[in-house]
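A.B. asks: One structure, as structure tokens, below. Some questions next.
Here, each number is a calculation from the coordinates, and none is a lab measurement. Note that the coordinates shown come from a computational prediction; the quantities given were computed from them, not determined experimentally. Note: ideal-geometry Cβ built from the backbone for every residue, glycine included; neighbour counts use all protein chains shown.
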Amino acid sequence: MATQVPLRCKCGKVRGFVRNASPSSGTRVVCYCDDCQAFAHFLDRADVLDAHGGTDVFQVPPGTVQITEGAELLRCLRLSEKGLFRFYTECCHTPVGNMIGPPVPFIGLIDAFMDHEGDGRSRDEVLGKPAALIYGKFAQGGTPPQAHAKAPMGLMLRAMRRILGWWVTGKGKPSPFFDAKTKAPCAEAHVLTVAERKAVRARVAQ
């Protein structure tokens, strides 16, 4: 059953919702990649990671996401010039989600920004169990049980079919994360310097 899930940063200044959230409307994964871990550590929000450094992500079309309060507090980060656009809140450094860019209609909403307590249903009830645990080779303390070393091909193909369908049906628009005309992110992306990348990678490795 599809449902509308509230979105909320830790301090409550940024709020919104995602429509039609269900196991059939998106792809839920837990990602252990070093980039997702670096993002959390850069924000000083290692608390959003699981015991092995995993980030619980739900991939949906951006057009189903609406920010109703605090949109001016959204910020954007890229770990490198070609890295994902990673959005977070300035107020409390809550990670919001990750995107490739405007041409690819998906955002990976991060568990820390989805208010399942406010919804009154658990994450598993609304979104189902994770489709896969990916990039387990980067996990802290050894690869978790049932985790894949990388992203399995079957999962990638299913995600690509979904994204193509979202593109065809226009579900990528409007996006609260990119300007429809200029294609620029809602906040200028800060690209980490070499020194910043080294520092945050060191924190991940600790």
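A.B. asks: Magnitude of the Cβ-charge dipole of the chain, K/R +1 and D/E -1, about the Cα centre, nearest 20 debye? Working shown, then result.
C.D. replies: Numbers: 27 positive and 19 negative charges, 127 e Å.
The dipole magnitude comes to about 600 debye.
A.B. asks: Please compute the alpha carbon radius of gyration of segment 13-113, then divide it by the globular-protein estimate 2.2 N^0.38 Å. Two decimals is fine.
C.D. replies: 1.01
A.B. asks: Based on DSSP H assignment, which helices of the chain show an axial Cα extent of at least 18 Å together with a mean Kyte-Doolittle hydropathy greater than or equal to 0.0?
C.D. replies: Numbers: long enough: 153-169 (24 Å, 0.64).
Long hydrophobic helices here: 153-169.
A.B. asks: Next question. Write down the percent of antiparallel bridges among all DSSP beta bridges whose residues are both part of the chain, to the nearest 5. Walk me through the intermediate numbers first.
C.D. replies: On the way: 30 of 36 bridges.
Here the antiparallel bridges make up roughly 85 percent for the chain.
A.B. asks: Follow-up. Take the Cα gyration tensor of segment 153-206, multiply each eigenvalue by 5, square-root it, and list the three semi-axes largest first, rounded to whole angstrom.
C.D. replies: 31, 21, 7
A.B. asks: Kindly provide the pair-distance distribution of segment 118-204 built from C-alpha pairs, with 10 Å bins from 0 and whole-percent values in order of increasing distance.
C.D. replies: Computed distribution, short to long bins: 12, 21, 36, 30, 1.
A.B. asks: Compute log10 of I(q)/I(0) for segment 76-131 with the Debye formula, placing one identical point scatterer on every Cα and leaving out solvent, at q = 0.14, 0.26, 0.27, 0.30 Å⁻¹, to two decimals.
C.D. replies: Summing over Cα pairs of segment 76-131 leads to -0.48, -1.06, -1.08, -1.15.
A.B. asks: From the residues ALA187, PRO174, MET153, which one has its Cα farthest along the dipole of segment 137-206 in the positive direction, the dipole being from +1 and -1 charges on Cβ of Lys/Arg and Asp/Glu about the Cα centre?
C.D. replies: Going by the charge dipole, the pick is MET153.
A.B. asks: Now a separate question. With each run of n ≥ 4 DSSP H residues scored as -39500 (n - 2.57), what mean residue ellipticity at 222 nm is computed for the chain after dividing by its residue count and rounding to the nearest 500 deg cm²/dmol?
C.D. replies: Only helices count here, giving -6500 deg cm²/dmol.
A.B. asks: Something else now. Which entries of LYS13/LYS171; LYS129/LYS173; LYS129/LYS198; LYS13/LYS183 show an alpha-carbon separation above 31 angstrom in the structure shown?
C.D. replies: LYS129/LYS198
A.B. asks: Moving on. Would you work out the relative contact order for the chain, in percent, from Cα pairs under 8 angstrom that are 6 or more residues apart?
C.D. replies: Value for the chain: 27 percent.
A.B. asks: Give the aspartates and glutamates reachable from LYS150 as a straight Cα distance under 19 Å; neighbours fewer than 8 places away on the same chain don't count.
C.D. replies: ASP34, ASP35, ASP50, ASP56
A.B. asks: Okay, next question. About the Cα centre, and with charges only on the beta carbon of Lys, Arg (+1) and Asp, Glu (-1), how big is the dipole of segment 95-206? Nearest 20 debye, please.
C.D. replies: Approximately 560 debye in magnitude.
A.B. asks: ³J(HN,Hα) across segment 9-17 via Karplus (A = 6.51, B = -1.76, C = 1.60, θ = phi - 60°), whole Hz, x for Gly/Pro?
C.D. replies: With the stated coefficients, segment 9-17 comes to 6, 4, 8, x, 6, 10, 9, x, 7 Hz.
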